[in-house]
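Participant: Starting off with a structure, shown below.
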Amino acid sequence: MRKLEMSILALAGSVTAIGTVLSIKAPEFYITSYVPEDGAVEWLTVVALLFSAALLLTRAWKLRGQRPRVFLAAQCFGALILCGGAGEEISWGQRLIGLETPEWIEESNRQGEMNFHNLEVAGVNLNKLIFGKFLGVALLTHLLVIPYWYRRKPRFAALVDRLGIPLAKAHYVALWIGVFVLTELVVGTGKRGELREFALTFVLAAQLVGGTLNEQIYSRRVEKEATDQSPDIPEPTGVFKTKPRRTRQRPRRRAA
């Protein structure tokens, strides 16, 4: 493991472990002082999201001209989603700036804040629908279904690489699942979402730093190595396969 990766995981493990113990032994202190709105845990979550977004954008910039546009667009889209998550986490800076919530939002928002994940539309809690059920299905697909087919279907693997989808290694899959189990079954209060969000965002940051299952998608040396391969080594697939250039042959002139 890289030093930065280990540091991220160590911080995540320490904060999560302390929070879990406090939620059982001192639930009131845990709610009011450990995971309050605009508290240290919430801001660490924002930092982790913005760090991951910056990492994706940096890689897209470094790989420009070496990867297809769809690959670069996917990295930028992922960074946009992460920045959106950071904005939602702090209600887009509403409390920092001191903005008042418009009435039409306050009436539909369970916390009376300027964010989307706490809205209720037609009696439907968007937080539970999008960030609960939908996100849960998406994560299971990303962590289990896609890696399964990635290892068994070369064409599917080439598509995943071309789209630039970073896949988790086995030990990170275990960490993702472990965080869900810990926060759902062990944390002693109903206010477990903040601790879960913190732990998951730090696991994601460490995963992007430490290398993914298909970490070759971020390598700048792949194309050069591909051109130096001997005939006995199969050519790379997906985004790394170099297409031969077509040359037009001019018709020969007939002798008079």
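Participant: Looking at segment 30-41 only, could you name the residues that are assigned to a helix (DSSP H, G or I) and touching a helix residue (DSSP H, G or I) at 6+ places or on another chain (Cβ under 6 Å)? Reasoning before the result, please.
Facilitator: So in segment 30-41, the residues assigned to a helix (DSSP H, G or I) come out as 30-34, 40-41.
Those that are assigned to a helix (DSSP H, G or I) and touching a helix residue (DSSP H, G or I) at 6+ places or on another chain (Cβ under 6 Å): TYR30, TYR34, VAL41.
Participant: For ASN109, work out the one condition from (1) surrounded by fewer than 19 Cβ atoms within 10 Å (Cβ to Cβ); (2) out of contact with any helix residue (DSSP H, G or I) (no Cβ under 8 Å at 6 or more places or on another chain); (3) of a type outside the set (Val, Ile, Thr); (4) free of Cβ contacts under 8 Å to residues at least 60 places away in the same chain it doesn't fulfil.
Facilitator: (1)
Participant: Here are TRP104, TRP92: which of them is among the aromatic types (Phe, Trp, Tyr) and either surrounded by fewer than 16 Cβ atoms within 10 Å (Cβ to Cβ) or in a strand (DSSP E or B) (or both)?
Facilitator: TRP104
Participant: Further question: Looking for something surrounded by 20 or more Cβ atoms within 10 Å (Cβ to Cβ), touching a Lys or Arg at 6+ places or on another chain (Cβ under 8 Å) and either in a helix (DSSP H, G or I) or of a type in the set (Gly, Ala, Ser) (or both) - is there at least one such residue anywhere in segment 189-200?
Facilitator: The answer is no; no qualifying residue exists.
Participant: Can you tell me which residue in segment 78-119 is modelled with the highest pLDDT, limited to those that are farther than 21 Å from ALA54 by Cβ and of a type in the set (Val, Ile, Thr)?
Facilitator: From segment 78-119, those farther than 21 Å from ALA54 by Cβ are 91, 94-95, 97-119; that's our starting set.
Pick out the ones that are also of a type in the set (Val, Ile, Thr) and you get 97, 101, 105.
On the way: ILE97: 81, THR101: 76, ILE105: 74.
Once the filter is applied, the top-ranked residue is ILE97.
Participant: Another question, if that's okay. Could you pull out the residue among ALA53, ALA26, ALA73, ALA12 that is surrounded by fewer than 17 Cβ atoms within 10 Å (Cβ to Cβ) and either touching a helix residue (DSSP H, G or I) at 6+ places or on another chain (Cβ under 7 Å) or within 18 Å of THR183 (Cβ to Cβ) (or both)?
Facilitator: Values: ALA53 fails: surrounded by fewer than 17 Cβ atoms within 10 Å (Cβ to Cβ); ALA73 fails: either touching a helix residue (DSSP H, G or I) at 6+ places or on another chain (Cβ under 7 Å) or within 18 Å of THR183 (Cβ to Cβ) (or both); ALA12 fails: surrounded by fewer than 17 Cβ atoms within 10 Å (Cβ to Cβ).
Among ALA53, ALA26, ALA73, ALA12, only ALA26 is surrounded by fewer than 17 Cβ atoms within 10 Å (Cβ to Cβ) and either touching a helix residue (DSSP H, G or I) at 6+ places or on another chain (Cβ under 7 Å) or within 18 Å of THR183 (Cβ to Cβ) (or both).
Participant: Follow-up question, since we're still on this one. Return the residue satisfying two criteria in turn: it lies in segment 56-70 and is touching a residue at least 24 places away in the same chain (Cβ under 8 Å) and either of a type in the set (Asp, Glu) or more than 19 Å from GLY210 (Cβ to Cβ) (or both), and of such residues it is surrounded by the most Cβ atoms within 10 Å (Cβ to Cβ).
Facilitator: Across segment 56-70, the extreme among qualifying residues is ARG67.
Participant: Just to be sure, is SER108 among the small types (Gly, Ala, Ser), in contact with a strand residue (DSSP E or B) (Cβ under 8 Å, 6 or more places away or on another chain) and more than 25 Å from LEU167 (Cα to Cα)?
Facilitator: When the stated conditions are applied, SER108 passes them.
Participant: Between ALA122, ALA138, which is surrounded by fewer than 17 Cβ atoms within 10 Å (Cβ to Cβ) and modelled with pLDDT under 70?
Facilitator: Going through ALA122, ALA138 in turn, just one is surrounded by fewer than 17 Cβ atoms within 10 Å (Cβ to Cβ) and modelled with pLDDT under 70: ALA122.
The values are calculated or read from the model by the stated rules, or taken from the named source; none is laboratory data. Please read these numbers as outputs of a predicted model, since none were measured by experiment. Cβ atoms come from the backbone with ideal geometry, glycine included; neighbour counts cover every protein chain shown.
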